[in-house]
1. State to the nearest 20 debye the size of the charge dipole of the chain about its Cα centre, where the only charges are +1 on K and R beta carbons and -1 on D and E beta carbons.
2. Residue by residue through segment 333-346, what is 3J(HN,Hα) from phi via Karplus (6.51 cos²θ - 1.76 cosθ + 1.60, θ = phi - 60°)? Round to whole Hz and write x for glycine and proline.
3. Would you mind telling me the share, in percent, of accessible area of the chain contributed by carbon and sulfur at probe 1.4 angstrom?
4. Can you work out the accessible area per residue across the chain, with the rest of the protein chains kept in place, probe 1.4 Å, in square angstrom?
5. State the dimensionless ratio Rg/Rh of segment 181-247 (Rg: radius of gyration of Cα atoms; Rh: Kirkwood radius).
6. Would you mind giving the average projected area, over all directions, of the Cα convex hull of the chain in nm² with one decimal?
7. Between segment 81-134 and segment 422-486, how far is it from one alpha carbon centroid to the other, in angstrom?
8. Once you have the alpha carbon radius of gyration of segment 217-275, what is it after dividing by 2.2 N^0.38 Å, with N set to its residue count?
Amino acid sequence: MTSSGTNSGATPGQARSAPDGPASWAAAWEVLLPAAQAPARARGRTLQAALREAVRSGRLAAGTRLPSSRELAADLGVSRGLVTEAYEQLTAEGYLRSSRGAGTWVGGAVRAAHPGARDLAPRSPGARADFLPGTPDLSLFPRAAWAAAHRGVLAELPHSALGYPDPRGLPRLRTALAGLLARRRGVVADPERIVVVSGVAQAITLLGCVLHARGVRTVGVEDPGSPDHGALYASAGIGAVPLPLDEEGPAMGPLREAQVRAVVITPAHQFPSGIAYSARRRAALLDWARSVDGLVIEDDYDGDFRYDRAPVGALQGLDPEHVAYTGSVSKSLAPGLRLGWLLVPQAFAEEVVERKRTMDLGHPVVDQALLARFVERGDYDRHLRRCQRAYKERRDVLVSALEEHFPGVEVSGIAAGLHVIARLPGRHGPLDRFLERAAAARVAVRPLAAYGASAGDGVRLVIGYGHLSPARIREGVRVMADATRA
């Protein structure tokens with residue numbers, strides 16, 4: 001490669017740097033070679049892209065002097081005009097700098113990009129047995145039925161539907177969800193009050209923003225409870241007040257003393273304690289909400305899965321003007337779909353919809369139409385029945401394995417959901433030593449104490465099982481017992 005001020009006759013494969021430029025030019029030379037071999041129509045774009053990438057990656061360092069357009073064109077075997085155009089375009093974008101008679105140089109505005117992309121998805125790397133709660137069995141995802149629904153949606157969806165959607169969601173999906181939720185969860189489901197969201201997290205964030213705009217600065221959360229609830233309200237500028245639970249639900253005395261006007265609860269299957277709120281406590285919560293003109297936010301955490309009887313209906317069905325109801329397909333289908341719903345009281349509907357519009361302009365249209373079709377054709381109900389059978393079997397296997405390997409264990413909580421609470425006999429404590437031994441054996445398990453200060457003493461574990469096969473459940477419990485045996 002020739003360069004200004006040299007008489008080199010080097011070929012591209014023997015390219016070397018100009019004596020008045022750093023050696024990084026020679027090191028970056030090979031990234032330009034594909035441009036010479038690209039189709040004629042794409043040659044200019046390919047050359048520009050190669051130069052950009054060389055600068056971004058740091059292979060062409062700031063201050064590197066580039067060969068003249070004539071020399072580079074000769075070395076690459078392309079027209080000089082193509083190189084000139086590339087230099088001018090990248091100079092306009094700030095990647096290069098040039099001045100008449102001084103040549104073309106790599107500019108100093110660009111910083112080298114970090115290579116690769118990290119995956120921050122929550123996982124338990126290297127776990128021999130993973131009992132962390134909150135994950136369904138993703139292998140149960142109905143791929144064939146979902147793919148068929150996807151093909152059907154793409155075939156029938158009119159072009160006009162691909163524009164910006166109603167921020168509440170597609171009318172078709174809201175209508176399908178209204179029927180589903182009224183039938184399965186007993187809610188009062190007006191499609192006009194349903195907002196399609198990307199999951200319970202977005203629903204809670206939307207409500208937090210609206211409450212904050214109304215002057216609310218604190219909200220009650222269950223203790224023990226999901227740490228995400230408090231974190232999501234904090235992102236909206238609202239503090240979380242822990243409300244202790246008893247065997248029936250949130251204790252009413254501390255709730256009244258907290259002087260909050262909004263609470264977020266999981267009454268059908270409380271996370272993590274596993275209790276279902278009693279009828280008496282559900283009525284007391286509604287009486288409290290009416291007395292303070294407050295809002296109860298009902299997170300229907302895995303409410304579809306109960307194994308000993310029909311699930312208790314949603315609290316929202318008793319007073320839709322004081323209860324906002326939210327749920328998602330994260331436990332029933334897959335959390336990666338990011339599909340959920342929020343039913344709001346009439347007094348909150350307009351503000352929630354406007355906040356949703358400004359937040360993301362509505363949920364993806366194809367995804368909404370796909371879920372609507374999946375529900376309408378009965379595929380969703382069939383999938384839930386399949387999951388119900390699988391998860392009931394796994395819960396029974398887990399309880400049996402715990403009783404075999406930890407004699408005297410106490411398993412609490414209703415027969416529902418995707419986790420159990422296990423209290424191990426005192427000989428397996430203290431908790432810190434138990435967790436250290438489990439971690440050393442690469443057993444991922446979480447104590448109840450991780451979810452709140454009122455979780456109590458001793459070795460009390462929140463054991464997730466939905467994502468594990470019966471065989472892996474038995475083996476995992478055995479490994480945990482062997483590793484932590486006193």
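1. Values: 60 positive and 50 negative charges, 249 e Å.
With Lys and Arg at +1 and Asp and Glu at -1, about 1200 debye.
2. 10, 6, x, x, 6, 6, 10, x, 8, 9, 9, 10, x, 4
3. Summing carbon and sulfur atoms, their accessible area is 52 percent of the total for the chain.
4. Working: 22140 Å² over 486 residues.
Per residue, the chain has an accessible area of 46 Å².
5. On the way: Rg = 13.9 Å, Rh = 13.4 Å.
So for segment 181-247, dividing Rg by the Kirkwood Rh gives 1.03.
6. For the chain, averaging the hull's shadow over all directions gives 30.6 nm².
7. Centre-to-centre (Cα) distance: 44 Å.
8. Numbers: Rg = 10.8 Å, N = 59, 2.2 N^0.38 = 10.4 Å.
Cα Rg divided by the expected 2.2 N^0.38 Å: 1.05.
The values are calculated or read from the model by the stated rules, or taken from the named source; none is laboratory data. For clarity, every value in this text was computed on a predicted model and none was experimentally measured. Ideal geometry is used to build each Cβ from the backbone, glycine not excepted, and the neighbour counts take in all protein chains shown. These accessible areas exclude ligands, DNA and RNA; they are computed on the full protein's heavy atoms, side chains included. Shrake-Rupley method; radii C 1.70, N 1.55, O 1.52, S 1.80 Å.
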